[in-house]
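The values are calculated or read from the model by the stated rules, or taken from the named source; none is laboratory data. Owing to the predicted nature of the structure, the values given are computational and were not obtained by experimental measurement. Virtual Cβ from ideal backbone geometry, glycine too; neighbours counted across all protein chains shown.
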Amino acid sequence: MQDRPSGFGNPWLQLALSVLCVLVSELLLKRGANDIANPSSAWSWTGINGLASPLVWLGIAFVIASFLSWLYVLKYIPLTIAFPLSRVVDILVPLGCWIVLRESISTLRWCGIALVVIGLALVAKPIAQIEERL
Amino acid sequence: MNFLAFFFIVASLLSFVVAQLVLKRAMQLSVTSGLRNLRFISLVGGGIALMTISFFLTLGLLQRFPLSYLYPFQGLSVIIISLMAAVMLKEKLTLQLTIGALLISAGIVLVSLS
């Protein structure tokens, strides 16, 4: 691993930005896909008809933004660490619904969230050691 | 789940996993040999093409299934990518990282099942 830039170029900050963009894009794409859903058409298996929705286009903009910061992250952080960490987004969605929309979360889902958090902690622990050495 | 749905779920997962490995390889290459060489450009181009395929296949699946049904498969990508990065890119995969990736995968499956 090489020396990492600080400030806006900090790869950990970029990883967080990438995750945030993925979060926003997932919500936009699901809304967009719902709007134009047409399961009777064979073409819709390719998803190409999704381009008819403006929400999908906005979602694509966020996908591209997350992709650019992700490429930057890949330059500095091993995939075995960066990718598992990027999946924090999978618990941010239900947690966001719980906090912002006051939706309830089932016990099973809380167990899943707990597993992901423990897993993230295990993956993140070696990072703290790497950063100390730098 | 019919055969067609299974095929498209596997195809979108596979193209996503391979794309991540190809992109990581490209960025590794960029550190040593810069951005202006044919191998880097073709790797990034290939990675973007695979991401695009995976993106549209997922969009097609989202029109047919709820997000919660498709999410467990995304969860699997964590453990698959960690293993493949260790095998193909020779990244160091410690026991701790493996257990962490497994727990994240299992957690994502649980979150989407409920």
| task | With respect to B:Thr98, determine if the residue is surrounded by fewer than 17 Cβ atoms within 10 Å (Cβ to Cβ) and more than 7 Å from chain A (Cβ to nearest Cβ). | result | no
| said: Checking B:Ser112 against (1) of a type outside the set (A, V, I, L, M); (2) farther than 22 Å from A:Ile118 by Cα; (3) touching a Pro at 6+ places or on another chain (Cβ under 6 Å): exactly one of these is not met. Which one? | reply: (2)
| Single match in B:Ala5, B:Ala26, B:Ala49 (criterion: among the hydrophobic types (A, V, I, L, M, F, W, C), at pLDDT 95 or above and part of a helix (DSSP H, G or I)) | B:Ala49
| request: Kindly indicate whether B:Leu89 is within 17 Å of the chain's Cα centre (by Cα), at the interface with chain A (Cβ under 8 Å from one of its Cβ atoms), more than 27 Å from A:Ile60 (Cβ to Cβ) and of a type outside the set (Asp, Glu). | output: yes
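Just a yes or no: is a residue in the stretch B:15-22 facing chain A (nearest Cβ under 8 Å), more than 30 Å from B:Leu113 (Cβ to Cβ) and in a helix (DSSP H, G or I)?
Keep residues of the stretch B:15-22 that are facing chain A (nearest Cβ under 8 Å), which gives B:20-21.
Next, only the ones that are more than 30 Å from B:Leu113 (Cβ to Cβ) stay: none.
No, the stretch B:15-22 contains no residue that is facing chain A (nearest Cβ under 8 Å), more than 30 Å from B:Leu113 (Cβ to Cβ) and in a helix (DSSP H, G or I).
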| query | In the stretch A:46-90, which residue that is small (Gly, Ala, Ser) and within 19 Å of B:Ser12 (Cα to Cα) is modelled with the lowest pLDDT? | reply | A:Gly47
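Over 19 Å from the mean Cα position of the chain (by Cα), free of Cβ contacts under 8 Å to residues at least 40 places away in the same chain and surrounded by 15 or more Cβ atoms within 10 Å (Cβ to Cβ): does that describe A:Asn49? Lay out the reasoning, then the answer.
Numbers: over 19 Å from the mean Cα position of the chain (by Cα): yes; free of Cβ contacts under 8 Å to residues at least 40 places away in the same chain: yes; surrounded by 15 or more Cβ atoms within 10 Å (Cβ to Cβ): yes.
So A:Asn49 passes the test.
Which residue is farthest from the chain's Cα centre (by Cα), if the candidates are limited to the stretch B:26-46 and must be within 9 Å of chain A (Cβ to nearest Cβ) and under 17 Å from A:Phe67 (Cα atoms)?
The initial filter retains those residues of the stretch B:26-46 that are within 9 Å of chain A (Cβ to nearest Cβ), namely B:26-28, B:30-31, B:44.
In the following step, the residues that additionally are under 17 Å from A:Phe67 (Cα atoms) were identified as B:26-28, B:30, B:44.
On the way: B:Ala26: 15, B:Met27: 16, B:Gln28: 17, B:Ser30: 21, B:Val44: 15 Å.
The extreme case among them is B:Ser30.
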| Could you count how many residues in the stretch B:52-86 are within 8 Å of another protein chain (Cβ to nearest Cβ), in a helix (DSSP H, G or I) and either surrounded by fewer than 17 Cβ atoms within 10 Å (Cβ to Cβ) or over 12 Å from the mean Cα position of the chain (by Cα) (or both)? | 10
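Please return the ranges of helices (runs of 4 or more DSSP H) entirely within the stretch A:24-134 where 2 or more residues are touching a helix residue (DSSP H, G or I) at 6+ places or on another chain (Cβ under 9 Å), more than 7 Å from chain B (Cβ to nearest Cβ) and under 23 Å from B:Met51 (Cβ atoms). I'd like the intermediate steps shown before the answer.
On the way: elements: A:54-76, A:79-86, A:89-100, A:107-133.
Ranges flagged: A:54-76, A:79-86, A:89-100.
Does the stretch A:63-75 include one or more residues that are β-branched (Val, Ile, Thr), in contact with a Lys or Arg (Cβ under 9 Å, 6 or more places away or on another chain) and buried (at least 22 other Cβ atoms within 10 Å of the Cβ)?
Residues of the stretch A:63-75 β-branched (Val, Ile, Thr): A:63-64, A:73.
Now drop any that are not in contact with a Lys or Arg (Cβ under 9 Å, 6 or more places away or on another chain), which leaves none.
No, that holds for no residue.
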